[in-house]
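Bear in mind that the values in this text are calculations on the coordinates, not laboratory data. Every value quoted in this text rests on a predicted model; they were computed, and no experiment measured them. FYI the Cβ positions are ideal-geometry reconstructions off the backbone, even for glycines, and counts take in every protein chain you see.
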Amino acid sequence: MATKGEKKKVEPEFALGKENYKLLAIGFAIIVVGFLLMLGGKSEDPTQFSEKIFSFRRITLAPIVILAGFVFEIWAIMKRPSEQD
C-alpha cells in the first residue's frame, strides 16, 4: 500500500491497441482507393456530354470498394486488442 510520500505511477492506456491503429490505416487506404476509382470521365469539350462517367468502375466498383472500406474500419475499431505481457 502506498504511503503519503509515495506516488503510484499510472501508465496511460489507449482505447485501441497498436494492431487496431494499423487496421484503421489499412481501412482508410481502402476508402481512398475507392475514391480514386471514381476519378475521371470528364469530357474534352465542356459543352459536350460524356458517357464515360457511366462506366462500371465509377458507378459500381468504386462505391462497393468504399463501402467495404467503411465496414473494414468498423471491424478494426470493434476488434479486441490482443493481450501482450
**Backbone HN-Hα couplings from phi across region 52-69 [Karplus 6.51/-1.76/1.60, Hz, Gly and Pro as x]** = 4, 5, 9, 6, 4, 4, 7, 8, 10, 5, 4, x, 5, 5, 5, 4, 4, x
**Item:** Neighbour net charge for Gly41 - beta-carbon separation under 12 angstrom, K R +1, D E -1
**Value:** +2
**Prompt:** Taking the simple approach of a point 7 Å from Cα along Cα-to-Cβ for both Val71 and Phe35, what is their distance in nm?
**Reply:** 2.1
**Message:** Can you tell me, using C-alpha contacts under 8 Å and at least 6 residues apart, the relative contact order of the chain as a whole percent?
**Reply:** 41
**Arg80 versus Ile64: modelled label distance in nm, points set 7 Å from Cα along the beta carbon direction** = 3.4
**Request:** Compute the projected area of the convex hull of the Cα atoms of the chain, averaged over all viewing directions, and report it in nm² to one decimal place.
**Result:** 9.9
**Whole-Hz couplings from phi, Karplus 6.51/-1.76/1.60, listed for region 28-38; x for Gly and Pro** = 4, 5, 5, 5, 4, 4, x, 5, 5, 5, 7
